[in-house]
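A quick write-up on the structure given underneath.
The values are calculated or read from the model by the stated rules, or taken from the named source; none is laboratory data. Remember, predicted model here, so these are calculated numbers, not experimental data. Glycine gets a Cβ as well: all are built from the backbone with ideal geometry, and neighbour counts include every protein chain shown. Accessible surface is based on the protein model in full, side chains and every heavy atom, while ligands, DNA and RNA are left aside. Shrake-Rupley method; radii C 1.70, N 1.55, O 1.52, S 1.80 Å.
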Amino acid sequence: MADREYNVILLGAPGAGKGTQAKMLAAQLSAPHISTGDILRGAVADGTELGQTAKGYMDCGELVPDDLVIAIARERLAQSDCETGFVLDGFPRTVEQAEALGEMLDDLGREPLIVVNLTVDEDEIVRRLSGRRLCNGDCGGIYHVDQEDIESGAACPAEGCDGQLYQRSDDQAEAIRERLDVYKRQTQPLIDYYGQRGVLVNVPGEGEPQSIAGRVLQAVRG
Ligand code: AMP
């Protein structure tokens, strides 16, 4: 059980480790992990209207339009499991989304906001993304081809998981380049946006996931 309300945003380039860290932090804080990327991939897999619209943007590494993503976040944050806090992963990604989020949190009476910016060198980002393999099963595990027996089509190594590993379509070289470019143009300005509001903490995102998780938790707890 969390000792107080933690409303956390994880910022960082694609491949900075937001998904891995958000999952670990959410477990530590007993708060829901909200990934707009996961919600969108779910919509694509289910073939919904939202999914069909989003797929074209996602496959080439572009951002899904703000109004669609803002509506997703608004609906998710209004659910009762967010009343005692949340860990946002991949939202906001533009200043317009950050402004919309600010209004949502005001409406819901949620404060304070803590923004953790995971910093990782660009070469390392490219290495991580191009070698990343995900589990399509319930564990949702994130692996890297540098690890033993990790490749597309292999069985998920997590105990009790019957999922199979795959590569995200947007983890191909061209989409990675586009995503990094989009990140620099549209998402990096959020570092200043939240920095000016005094809620940003930079956390080095290199090293073992467990030690990064320790730094993230320390940053969040202040
Ligand atoms: P992620 O799993 O966070 O890397 O997101 C994968 C893709 O989903 C992104 O490259 C975008 O196409 C889309 N996406 C996820 N979150 C957002 C967002 N907040 N705004 C716009 N597009 C998003």
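Here are the numbers:
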{"quantity": "Residue in the range 106-126 that is closer than 26 Å to V203 by Cα, within 15 Å of the ligand (Cβ to nearest atom), open to solvent by 10 Å² or more (accessible area, probe 1.4 Å) and in a loop (DSSP other than H, G, I, E, B) present", "calculated": "yes"}
{"quantity": "Qualifying residue in the range 76-88 (condition: in contact with a helix residue (DSSP H, G or I) (Cβ under 9 Å, 6 or more places away or on another chain), among the small types (G, A, S) and within 11 Å of the ligand (Cβ to nearest atom))", "calculated": "no"}
{"quantity": "Subset of the range 25-43 that is of a type in the set (A, V, I, L, M), over 12 Å from D89 (Cα atoms) and crowded, with 18+ Cβ neighbours inside 10 Å - its residue that is farthest from the ligand (Cβ to nearest atom)", "calculated": "L29"}
{"quantity": "Residue, nearest to P189 (Cα to Cα), within the range 70-103, restricted to residues that are surrounded by fewer than 15 Cβ atoms within 10 Å (Cβ to Cβ) and not charged (D, E, K, R)", "calculated": "G102"}
{"quantity": "Qualifying residue in the range 136-145 (condition: more than 14 Å from the ligand (Cβ to nearest atom), touching a helix residue (DSSP H, G or I) at 6+ places or on another chain (Cβ under 7 Å) and at pLDDT 95 or above)", "calculated": "yes"}
{"quantity": "Condition check for Q167: touching a strand residue (DSSP E or B) at 6+ places or on another chain (Cβ under 8 Å) and open to solvent by 30 Å² or more (accessible area, probe 1.4 Å)", "calculated": "yes"}
{"quantity": "Enumeration of residues in the range 44-67 that are free of Cβ contacts under 8 Å to residues at least 60 places away in the same chain and either among the charged types (D, E, K, R) or within 8 Å of the ligand (Cβ to nearest atom) (or both)", "calculated": "D46, E49, A54, K55, Y57, V64, P65, D66, D67"}
{"quantity": "Residue identified as modelled with pLDDT of 95 or more, over 29 Å from R215 (Cα atoms) and in a helix (DSSP H, G or I) among I39, I72", "calculated": "I72"}
